[in-house]
Structures are given as C-alpha cells and as structure tokens.
Amino acid sequence: MRAIVSVLGQDKPGIIAHISHALYEANANILDITQTVLRDEVFAMTMLVDLSAMKVSFEQLKEQLDAAGEKIGIEVRLMREEIFKSMHRV
Amino acid sequence: MIDQRDILKTIDMIARQNLDIRTITMGISLFDCVSDDADVCAGRVYDKITARAKNLVKTGEAIENEFGIPIVNKRISVTPISLISQGCENYVKFARAMDRAAHEMGVDFIGGYSAFVQKAATAAEVRFIDSIPQALSETGIVCSSVNVATTRAGINMDAVKRMGEVIKESAELTAAEGGMGAAKLVVFANAVEDNPFMAGAFHGTGEGDCVINVGVSGPGVVKVALESKKGQPFDEVAETIKTTAFHITRMGQLVAREAAKRLGVPFGIVDLSLAPTPAIGDSVAYILEEMGLETCGAHGTTAALALLNDAVKKGGIMATSHVGGLSGAFIPVSEDAGMIHAAETGALTLEKLEAMTCVCSVGLDMIALPGDTPADVLSAIMADEAAIGMVNTKTTAVRLIPVPGKQVGDYVDFGGLLGRAPIMPYNHNSPREFIARGGRIPAPLHAQRN
C-alpha cells in the first residue's frame, strides 16, 4: 500500500527530521519528497511512502505522525495514495 | 508522484471547504422475509438487516481513516415495507424492527417504511399509510416515504389528500420534538429506486439482494472554485462547476468501489448530489449568490440553479461508471445556512422555492410551516409539486413540517444535519374544495411514449 504524508505549518528546522524519524520507526519507506515554502512562510511538504513492509497498523502510524507533528507544531496527514490519483488523474 | 499542488488542493477541499462523502447507504432486499405473521416477518427483517449490515459502520470508518475523507453518514435502505407486509395486520412492528436493527448497527438512518400508491392503494396500503404517524413517533431513526404520482400513472389525488393529514398527524405526535416525525417523511412523485439520501431512501424492487450506493457532496468546493471567476460569462461558470463536480465524483466513485469490495457487496451507483449542511461554507444558496445574486431567492435564482444542476451532472457523469439516485442540487431550507438566511429575510418564499424545484434535483425540502396549517393546504402544496414532477418527468419530493404551536416568525431546531428553520408563511386562500375532489389527475400526453 502506498500513501501520501502531507505536512503543513510554519517553517522551522527539524520538520523533515521528525517526520522521517516517525516513518523510519514504523519501517515505512519514503519513495519521494517534495517541499515548498508557500506564502507567509507556510511550509508544505508531501511524501510518497510505501507501507507494504510497515511494522505497525495504518491507524498506529497515523497516531505516531500526529504525535510527531504536535511536538513541532505542524499539521500532518496520512492518506492513501488512491484518493489523489482518483481525483486528479483520468 | 502526484503533483504537490493537486495534493494540497485536495487537502484544502477536505479541511477547509467541507468536502465529504455525505453517505454510504447499504440497500437490502427484504423480499425473502415475507410471511403472513407480522412477528415472524418483522423478526426476519431484523435478522436480515443485522446480518447484511454488521460491518457497514466499521468499514465506513476504516475507509474514512485510511483515505482521509470524512464519511458523514452511514445508512441503510430496505425494500418498501408495504410490499412485504401486506399479509400482516400490525405494520408498526416492522418500523420497530427496523429501528432496533439500525440502532444496533450504529447507522444514522434507515429508510424504507414506504408505499407506492401513484395509481391507487390496496386496502393493506391504506392501512399502512395510516400507520406512518405512529411508526415515526415510536421510532428514532426510521424514515418513511410515499410515492403519490408518476409521469406514467398521473397523480393519485386520494393519496395526496390523505398524505396532508398524515403529515399533520406525524408532526402532532412528535410535537415535543418540533414535529420531527414530519421531517422523516417524504412524499414523492417519480421516486427513484437507488436513492442513498434520506428521508426518501428505499431499496427498489428492481434491485438485487444487497448493494452499496454512495452520495457525494461538496457545495463549499463549488463555491470556492467560483470565487476565482467573478464577473466572467456563464460559459466559464458552467465549465468551472463541471470540473469541480468531476473531482468530487471521482472521490465518490473510489469510496463506493472500496466500500463495496470490502463488504463483499455489489457497487450500485454514485448519486452526484450537492447536498448542503447547516455548516457555514457548505451551502448551495451561497453558490447561487456567488454567481451574482444579492440573496438566494432574488429574480434570477431559478436560472442560476438550472445552470448549477446541469453542470453538476455533466461534470460528474464522466467520473463514475454508474450514476443514479437523485443527482443534482438539493435545496433543503433548514439544512442550508444561505437558504435559512434568505428565508428569514423574506427574500426566499415558498413560491420561489416551488419554481426552483422545476430545475433542481428534488423538491420542497425541509420547509417549516405554522403548526395550524390546514391539511388541505399541505395536500395542495404536494399536488403542485407532484404536477411539476409528473409533467417534467423528474423526481419531486415534499418534506413539509407543520411545527405544532409555532407561527411565522418562530424557529424550529432539529439539530444535526436536519438543521434549524424559520417558520415560513403560506398562501392563505383555501384549496379545500380542490383537494376534496379526490380521484386521479391523468398522466400527461407525453407519458405515452411507446
């Protein structure tokens, strides 16, 4: 299963470190990363991750990412890739 | 990887523009429950519903969690009870069995306490219709509907007359809850068999044993998309709505397929409806206002709604393999912040709403009237709507709530998705003798298409 991790929040050091650490602990493999600083220093990052060898449940990974996001004051979402593919690709 | 802008756009639609799946509705056939003993039959109804729907809510929540898209309601629709209970005497037992099963399954509503009497009613159907007020007052989440007209059969004016009284009785028996009984009762012309939306959902006779139908929503997304098109011609407006409806519906199709696969049940249809909620920013009225109307209800509203309804269908139809249900724009007054505001200020009247129902997907929906509105006035409003449905070969529905003890200027609050409505005035000239005639209004000439 592949999923998209999306991160939105005020730009600050350590965002990628915290999120990728949470993914590493769950044995989720990062396939691709895109990041931009949007207007007013809002940081946006999207990661494509492979969850096929994941050691925890989808629910647990979501909680761990939430916890990592909360620690550094950013919004983190984990959503299956199909939702974006179905909406934006014919 | 998918373009980051597309990912952020989707997240923005969900997080800030109220994009959601309004409902996953499981349709369940009850034909194999038939018996001439009400206890046996109602027992089988309970068993069948709980067997088929036991994983519905859990599956809905799992999809919500993994795909990150809210699924607001999980619902059940069943074969119209009047079709399986005609050999029995006590119909309310069936409503109680439905209610108990639905509560146990954790769903939000169950629909199908329904009858089809567009041409005439059998003796059992007359008794069934008589039982509706009690059934709605003794149950919590059971919804009822009665089809009184079709383009092919004409309008059964005896049924229209009786349904005016049934609505009054349903409201009076639930007076303590603002006449909530009437909010769970829909009177249809040209009812559809695969509608996932309440209160009018039922599992039609042409359906299989069990099916998953999905209703999408997202008026907020359409409104935001139009904000960037200020002052541009209608061609541009229509294109923007079509593109947005396409995206919304693709999401509905994905969720419907996924739910059907996980539940081991065939996928039925996606209903391409723009269904508002009372939340600010989730209003169909605001879309019409975004097109340039000062307030919903102003002259021009019907044209704006016609464009919206058409563009939603054109955009959505390519995004799903099977379109069905009501598909279009809903205009339930109490469930739409913009409609509520327009009705409060007097910009939106019952007459304008009636005109709007000629071009939208359904009809006069969630309209609160004074508690002392005569039954024949309710019947006459129904007859007007049924005529619009019959002549235009479209579904029309009437969900009127004569709120006991309330007058124009008062409010009724049903809470949740049903929202809050101002009591609206009606035309006080009497249709009594018109409604007293009974009989049938013949089907229109264009019904003869063979």
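The values are calculated or read from the model by the stated rules, or taken from the named source; none is laboratory data. Quick caveat, the model's predicted, so the values are computed rather than measured. With ideal geometry, Cβ positions are generated from the backbone for all residues, glycine too; neighbour counts draw on all protein chains shown. Calculation scope for accessible area: heavy atoms of the full protein, side chains included, ligands and nucleic acids excluded. Shrake-Rupley method; radii C 1.70, N 1.55, O 1.52, S 1.80 Å.
Sorting the segments B:178-186, B:207-215 by their residues' average number of neighbouring beta-carbon atoms within 10 angstrom, most packed first, yields B:178-186, B:207-215. Per-residue mean of foreign Cβ neighbours for B:63-75 is 3 (Cβ atoms of other chains, 10 Å radius). Note on the stretch B:233-272: with charges restricted to the Cβ of Lys and Arg (+1) and Asp and Glu (-1), its dipole about the Cα centre is near 380 debye. The lysines within cross-link reach of A:Lys12, meaning a Cα-to-Cα straight distance under 20 Å and a gap of 8 or more places when in the same chain, are A:Lys71.
Packing around the peptides A:9-20, B:135-146, taken as the average count of other Cβ atoms within 10 Å per residue, puts them in this order, highest first: B:135-146, A:9-20. Going 7 Å from the Cα of B:Gln134 in the Cα-to-Cβ direction, what parts of the stretch B:159-189 have a backbone nitrogen less than 11 Å from that spot? The answer is none. Return the calculated 222 nm mean residue ellipticity for the protein assembly as shown, to the nearest 500 deg cm²/dmol, obtained by summing -39500 (n - 2.57) across DSSP H runs with n ≥ 4 and dividing by the residue count. Calculated from helices alone, the mean residue ellipticity at 222 nm is -13000 deg cm²/dmol.
Positive-end ranking of A:Gly14, A:Met1, A:Gly73 along the dipole of chain A, with charges on Cβ about the Cα centre, is headed by A:Met1.
The contact between chain B and chain A removes approximately 2600 Å² from the accessible area (both sides summed; 1.4 Å probe; ligands, DNA and RNA excluded). Counting, for every residue in B:131-140, the Cβ atoms of other protein chains within 10 Å of its Cβ and taking the mean gives 0.
Give me the percent of the accessible area of the protein assembly as shown that comes from carbon and sulfur atoms, probe 1.4 Å, all protein chains in place. Accessible surface attributable to carbon and sulfur in the protein assembly as shown totals 51 percent. Summed over the residues of chain B and divided among them, the accessible surface reaches 35 Å² per residue at a probe radius of 1.4 Å. Charged side chains reduced to their Cβ positions (Lys and Arg at +1, Asp and Glu at -1) give the protein assembly as shown a dipole of some 1000 debye around its Cα centre. Within the listed set B:Ala387, B:Ala259, B:Ala124, the Gaussian network model of chain B (springs between alpha-carbon atoms below 10 Å) gives the highest mean-square fluctuation for B:Ala124.
Of the residues B:Leu293, A:Leu31, B:Gly371, the one whose Cα sits farthest towards the positive end of the charge dipole of the protein assembly as shown is A:Leu31 (charges of +1 on Lys and Arg Cβ, -1 on Asp and Glu Cβ, taken about the Cα centre). Summary of packing: across the peptides B:392-404, B:261-273, B:316-328, A:32-44, the per-residue average of other C-beta atoms within 10 Å ranks them, highest first, as B:392-404, B:261-273, B:316-328, A:32-44.
About its Cα centre, chain B has a charge dipole of approximately 800 debye under the convention of +1 per Lys or Arg Cβ and -1 per Asp or Glu Cβ, with nothing else charged.
Peptide A:74-83 is shielded by partner chain Cβ atoms: per residue, an average of 5 of them sit within 10 Å of its Cβ. Scaled against the 2.2 N^0.38 Å expected of a compact globular protein of N residues, the Cα radius of gyration of the protein assembly as shown reads 1.01.
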